[in-house]
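Student: Sharing a structure, written as structure tokens. Questions coming.
The values are calculated or read from the model by the stated rules, or taken from the named source; none is laboratory data. Model, not experiment: these values are computed from the prediction. Reconstructed Cβ throughout: ideal geometry from the backbone, glycine too, with neighbour counts over all protein chains shown.
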Amino acid sequence: MKSVLLVVVAGLCTQAAWADVVTLKNGDRVTGKLVTVKGGNLSLKSDMLGDLTIAMDKVASFSVEQPATVVVKGGTLVEGQLQLEPSGDWQVTANGRPQTVEAASVDVIMPASRYQSLAGRTAQPWQDWKGSASLGYGLQQGNQNTRTFTSTINAVREQPEAPIFTPHWRTNFDLTTLLSSSTESNVFVDSRTLSTSVRPQYLLTPDNFIFGLVQFDHVSAQGLYLRQTYGGGYGRDLIKNSRTAFSVLGGLTYTHEKFYNGHWDDSADALIGEKLSYQFSTRIRLDHDFHLYPNLSSTGEYRFDTTTTLSAKLAGKFSLNAGVIDLYLSTPPAGNKKNSVTFTTGIGYTF
């Protein structure tokens, strides 16, 4: 029994010895495993406290047991044992030779093993997608019986997820389905909206990208049987941090529309858009998209689509979502309204 206890204690001591140690300027000590040092913040994973983010200006000392990779702005790599100096700069020791790296010149710091796995990884096309999916269903019984089904998928894939920036692809995929049927006095009315788009973006710099666009829309409430949109242009990420992401884009598109009344139209359209994501708190998040298409073939005509979703995290990867979708067409077929506005609620899942 004594020998078993000795083995357990030895194991615990070994795990503690492997922990990276942060000493704060107020004297507190935190142990865990280094995730990254980036943007003036130290990210640490602690067995006791979970994921932690600590501002570097509050750190008095920090030592990392395992080798770390320091990515200097401009793409230079320095690898070795890492320790924070009293000046706030970093000391990296490799093969017994210490080297000082100025804190202001550091782009990111991470464990060397993680850097190597990211830099050398090649993902399959179906891997590394991140985003959310939402399902909603409404049922009304009375003089009018109404059933409504909504679903959305918003996903993005960026490869490679490399600590050193190199020009690469970022692909966005969006799908919205709104199906509604209503019966009153043996009169049946249904409404269907389907919209899907793929927008590959090629990042030339960390903030600037060119993009392509393929989008298909079916909006029965506006008499639209099918709209095909193909185009591309230029965009820029204006804000990109842990709480806020804001991008703008502009370009040109070719549009082919076919309506239920048999009318069809081809046009060249400009494209002006923006995308905003804002994390109010750990549980509340806002996502907003807006795209305006001024018709260049028939000046004065235009259309826009906008989506706003507010998400409240429930538990794990599940959330409660409420949103509004507005599809506007300045010159719809006779008998159809210009606006098609839908309010949605549902359960979301983050992947």
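Student: Given Leu224, Leu178, Leu238, which one is without any contact (Cβ under 8 Å) to a residue 60 or more places away in the chain and either outside the structural domain of Thr148 (by TED's automatic domain parsing) or closer than 29 Å to Ala268 by Cβ (or both)? Lay out the reasoning, then the answer.
Tutor: Details: Leu224 fails: without any contact (Cβ under 8 Å) to a residue 60 or more places away in the chain; Leu178 fails: without any contact (Cβ under 8 Å) to a residue 60 or more places away in the chain.
Within the list Leu224, Leu178, Leu238, the selection yields Leu238.
Student: Here's a check for you: in the stretch 240-295, which residue that is outside any strand (DSSP E or B) and either within 17 Å of the chain's Cα centre (by Cα) or small (Gly, Ala, Ser) (or both) is farthest from Ser319 (Cα to Cα)?
Tutor: Only one residue tops the list, namely Gly262.
Student: Also, quick follow-up: I'd like to check something: does the stretch 341-351 contain any residue that is free of Cβ contacts under 8 Å to residues at least 24 places away in the same chain, closer than 22 Å to Ser151 by Cβ and exposed (fewer than 15 other Cβ atoms within 10 Å of the Cβ)?
Tutor: Applying the first criterion (free of Cβ contacts under 8 Å to residues at least 24 places away in the same chain) to the stretch 341-351 yields 341, 343.
When the remaining residues are screened for being closer than 22 Å to Ser151 by Cβ, the result is 341, 343.
Within this subset, residues satisfying the condition of being exposed (fewer than 15 other Cβ atoms within 10 Å of the Cβ) are 341, 343.
Scanning the stretch 341-351 turns up at least one residue that is free of Cβ contacts under 8 Å to residues at least 24 places away in the same chain, closer than 22 Å to Ser151 by Cβ and exposed (fewer than 15 other Cβ atoms within 10 Å of the Cβ).
Student: I'd like the full set of residues that are under 20 Å from Arg192 (Cα atoms) and part of a strand (DSSP E or B), limited to the stretch 310-339.
Tutor: Hits for the stretch 310-339 are Ala322, Gly323, Val324, Ile325, Asp326, Leu327, Tyr328, Leu329, Asn339.
Student: Can you tell me which residues in the stretch 309-347 are closer than 18 Å to Leu179 by Cα and among the small types (Gly, Ala, Ser)?
Tutor: Passing the criteria: Ala322, Gly323, Ser340, Gly346.
Student: Among Tyr137, Tyr115, which is of a type in the set (Phe, Trp, Tyr), at pLDDT 75 or above and surrounded by 15 or more Cβ atoms within 10 Å (Cβ to Cβ)?
Tutor: Values: Tyr137 fails: surrounded by 15 or more Cβ atoms within 10 Å (Cβ to Cβ).
Sole residue among the options that is of a type in the set (Phe, Trp, Tyr), at pLDDT 75 or above and surrounded by 15 or more Cβ atoms within 10 Å (Cβ to Cβ): Tyr115.
Student: Filter the stretch 314-333 down to residues that are over 26 Å from the mean Cα position of the chain (by Cα) and touching a residue at least 60 places away in the same chain (Cβ under 8 Å) and give me whichever is farthest from Leu135 (Cα to Cα).
Tutor: Pro333
Student: Considering only residues of the stretch 302-326 that are out of contact with any Leu (no Cβ under 9 Å at 6 or more places or on another chain) and not small (Gly, Ala, Ser), which is surrounded by the most Cβ atoms within 10 Å (Cβ to Cβ)? Break it down into steps so the answer makes sense when it comes.
Tutor: Taking the stretch 302-326 as the starting set, the residues that turn out to be out of contact with any Leu (no Cβ under 9 Å at 6 or more places or on another chain) are 307, 315-319, 324, 326.
Imposing the further condition that a residue be not small (Gly, Ala, Ser) reduces the set to 307, 317-318, 324, 326.
Working: Thr307: 22, Lys317: 11, Phe318: 11, Val324: 14, Asp326: 14.
By that ranking, first place goes to Thr307.
Student: Kindly establish whether Gly96 is under 20 Å from Thr166 (Cβ atoms), exposed (fewer than 12 other Cβ atoms within 10 Å of the Cβ) and more than 24 Å from the chain's Cα centre (by Cα).
Tutor: Numbers: under 20 Å from Thr166 (Cβ atoms): no; exposed (fewer than 12 other Cβ atoms within 10 Å of the Cβ): yes; more than 24 Å from the chain's Cα centre (by Cα): yes.
Against the criterion (under 20 Å from Thr166 (Cβ atoms), exposed (fewer than 12 other Cβ atoms within 10 Å of the Cβ) and more than 24 Å from the chain's Cα centre (by Cα)), Gly96 does not qualify.
A quick yes/no check of all residues on (1) surrounded by 15 or more Cβ atoms within 10 Å (Cβ to Cβ); (2) farther than 30 Å from Leu52 by Cβ; (3) at pLDDT below 95:
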{"site": "Phe209", "(1), (2), (3)": "yes, yes, no"}
{"site": "Thr229", "(1), (2), (3)": "yes, yes, no"}
{"site": "Arg243", "(1), (2), (3)": "no, no, yes"}
{"site": "Gly262", "(1), (2), (3)": "no, yes, yes"}
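Student: Given the conditions (1) at pLDDT 95 or above; (2) closer than 24 Å to Phe149 by Cβ, report the number of the one that Val324 does not fulfil.
Tutor: Checking Val324 against (1) at pLDDT 95 or above; (2) closer than 24 Å to Phe149 by Cβ, the one that fails is (1).
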